[in-house]
1. Between Ser141, Ser127, Ser80, which gets the highest mean-square fluctuation from a Gaussian network model of the chain, Cα cutoff 10 Å?
2. With springs connecting C-alpha atoms under 10 Å apart, model the chain as a Gaussian network and identify which of Ala28, Ala110, Ala181 has the largest mean-square fluctuation.
3. DSSP loop trypsin sites (Lys or Arg not before Pro) in the stretch 179-272 with at most 15 other Cβ atoms within 10 Å of their Cβ, which ones?
4. Packing-wise, with mean Cβ within 10 Å as the measure, how do 115-124, 29-38 rank, highest first?
5. Mind checking the dipole of the stretch 183-279: about its Cα centre, +1 per Lys or Arg Cβ, -1 per Asp or Glu Cβ, Debye to the nearest 20?
6. Would you compute, from DSSP H runs of 4+ residues alone, the mean residue ellipticity of the chain at 222 nm, taking -39500 (n - 2.57) per run and dividing by the full residue count, rounded to the nearest 500?
7. With just the Cα atoms defining each centre, how far is the stretch 255-306 from the stretch 120-183? Give it in Å.
8. List the residues, sorted by chain then number, that are 5 or more residues from His220 or on another chain and whose placed amide H is less than 5 Å from its amide H.
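Please treat every number below as a calculation from the coordinates, not as lab data. In this text the structure is predicted, and so the values were computed from the model without any measurement. Don't worry about glycine lacking a Cβ; one is built from the backbone with ideal geometry, like all the others, and counts go over all protein chains shown.
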Amino acid sequence: MKSSLIIGSRGSRLALTQSNHIADRLRALLPGFDIRIEIITTTGDRILDAPLAKIGGKGLFTKELETALLEKRVDLAVHSLKDLPTEVPEGLAIAAIPVRENPADVFVSARYASLDALPDTATIGTSSLRRSAQLLAYRPSLKVVDLRGNVDTRLRKVAEGELDAAVLACAGITRIGRADAITQVLPAEIMISAPGQGALGIEMRADDAEGRALIAPLIHTDTTIEVTAERTVLAALEGGCQVPIGALARVRGQEMTLSACVCSLDGKRVLKTRVTGSITSPVDLGMQATDDLIAQGAREIMAAIR
């Protein structure tokens, strides 16, 4: 019978904040348990001098954590769900998805009050092809540049004037206590979020029935339903976390609305759809949105990117 849990986590401030949040919740649920965090460095953490899209492959921020799980060096791994590929390795499973933070993207600038206030040819940073494509679709004259590093590093580069602005995830800034840096929350009409953005995914060994039962109280039903629909779009289009696919679902009572998009890298083609259905069929809703995007030409855009 278990009396301890080892949590695998990346070593960044944001990752450790997220993992400590889960650890604290588990300590409250499991008094007397020894719960500790093991820091594991991933490929995405090691390679900081190249755009994510050029490093290649899926699981840039998750593979080493999953290896540690399979080797039983850790009992669970805490991921930003948007970084977790839709294909989970054999022997592993997403055991819990807790309630998520605001899934929106945010505009950050030391000089300008909004994305609309940026002058033409202003420099704006992001590490995401999805954000870059939607920025170029909305403001084609902007100079979008690659921005790597942790959240603190990105905010510092904006504050020190290396960039006119940057776009980041609202959840990450909020979790590290820097909501004060947010200049504008971008509406979905401008920027559809990444599938699973703002949510955490807790991954465990599939055969660890006792461990999965212990963390089951962390499961948040509405968040799980929303991200299931979003990740269905990502999986159906065979996209990883570094392709310009956006998907955002919101539960309202017994209904859910799913907005999704596929963009060309230059932002000149942005295919969008918005569908509504029952919360009991998130996969069906995700497939409905996918079929609509494919009918508009999503496959051609994805083939060109590959």
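1. Of Ser141, Ser127, Ser80, the most mobile in the Gaussian network model is Ser141.
2. The residue that fluctuates most here is Ala28.
3. Counting only loop positions with at most 15 other Cβ atoms within 10 Å, the trypsin sites (Lys or Arg not before Pro) in the stretch 179-272 are Lys268.
4. The densest-packed peptide leads the list: 115-124, 29-38.
5. Details: 9 positive and 11 negative charges, 87 e Å.
Charge dipole of the stretch 183-279: 420 debye, to the nearest 20.
6. Taken over the chain, the calculation gives -10000 deg cm²/dmol.
7. Rounded to whole Å, the Cα centres lie 25 Å apart.
8. Ile97, Val99
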